[in-house]
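Worksheet: the structure to be examined is printed underneath.
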Amino acid sequence: MLKEVLVVEGKMDVVAVRKALDADCIVTGGFSLGRRALADIEAAYKRRGIIILTDPDSAGERIRRFLAKRFPEAGHAFIPKEEATAKGDIGVEQASPESIRRALAKVRTCTIAPREVFTSRDLILAGLSGGEDASRRRARLGERLGIGWANARTFCKRLNSYGVTREEFEAALALEDGTETAAVRNEEGSAETAAVRNDEPKAAAKGGAL
């Protein structure tokens, strides 16, 4: 049984969570957040602690921001959008048990006084802002660091608010760059192999003519 109580948006999210682990959940009912739901969340926050696990979309982010202001010491877990998308629908209910467990293994807590360790310049230098591939790189790095995808401004704020260290950032960036390099090499190797195979019939034909 997970010590903290998970805060999710809908009943089907609860079903998905319980396929992944044994945990108590509180449903917000979307952004409606009635008095009963808020009272339940507050009680869980004081007694056991809560982890906010909302959908990786704009509505889920609004709910997360609202709850983070009201419950500043809450934990935050993020499921990557591509792992929570199926049949055109985005939500925790679409995530696999493995994706949910990975997200909960990287829970972050907002610091009361955000530090200024990272700036927009860090994001630009790391290829996380201003480039064609910046959004995809933020998504992958956010997954590695457990802070989710966000636009460049919010991503920088999360780096500072969720206690990400410079060492963590550099290590995750090195892994990401290593993965990209390996992918490029694999593509180049596949292209070279295909080119060789295409040339082989021509060489055989020439040999037959002799």
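The values are calculated or read from the model by the stated rules, or taken from the named source; none is laboratory data. In this text the structure is predicted, and so the values were computed from the model without any measurement. Glycine gets a Cβ as well: all are built from the backbone with ideal geometry, and neighbour counts include every protein chain shown. Just so you know, the surface numbers come from the protein's heavy atoms only, side chains and all, with ligands and any DNA or RNA stripped out. Shrake-Rupley method; radii C 1.70, N 1.55, O 1.52, S 1.80 Å.
Here is how the numbers come out for the structure above:
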item: Karplus (6.51, -1.76, 1.60) ³J(HN,Hα), θ = phi - 60°, over the range 85-100, in Hz, Gly and Pro reported as x; result: 10, 7, 6, x, 10, 10, x, 4, 4, 8, 7, 6, x, 5, 5, 5
item: Residue 51 long-range amide H proximity, modeled H, under 5 Å; result: 5, 6, 7, 75
item: Hits among aspartates and glutamates - C-alpha to C-alpha of residue 157 under 15 Å, sequence gap 8 or more where chains match; result: 61, 116, 122
item: Rounded D (µm²/s) - the range 1-156, Kirkwood Rh over Cα pairs, Stokes-Einstein at 25 °C, 0.890 mPa s; result: 153 µm²/s
item: Low-density loop cleavage sites - trypsin sites (Lys or Arg not before Pro) in the range 41-115, where at most 10 other Cβ are within 10 Å (DSSP); result: 87
item: Qualifying GluC sites (Glu not before Pro) for the range 76-159 [loop in DSSP, other Cβ within 10 Å: at most 10]; result: 116, 132
item: Heavy-atom accessible area order for 22, 89, largest first, 1.4 Å probe; result: 22, 89
item: Per principal axis, descending, Cα span of the range 55-142 in whole Å; result: 37, 35, 23
item: Largest to smallest accessible area among 78, 155 [probe 1.4 Å]; result: 78, 155
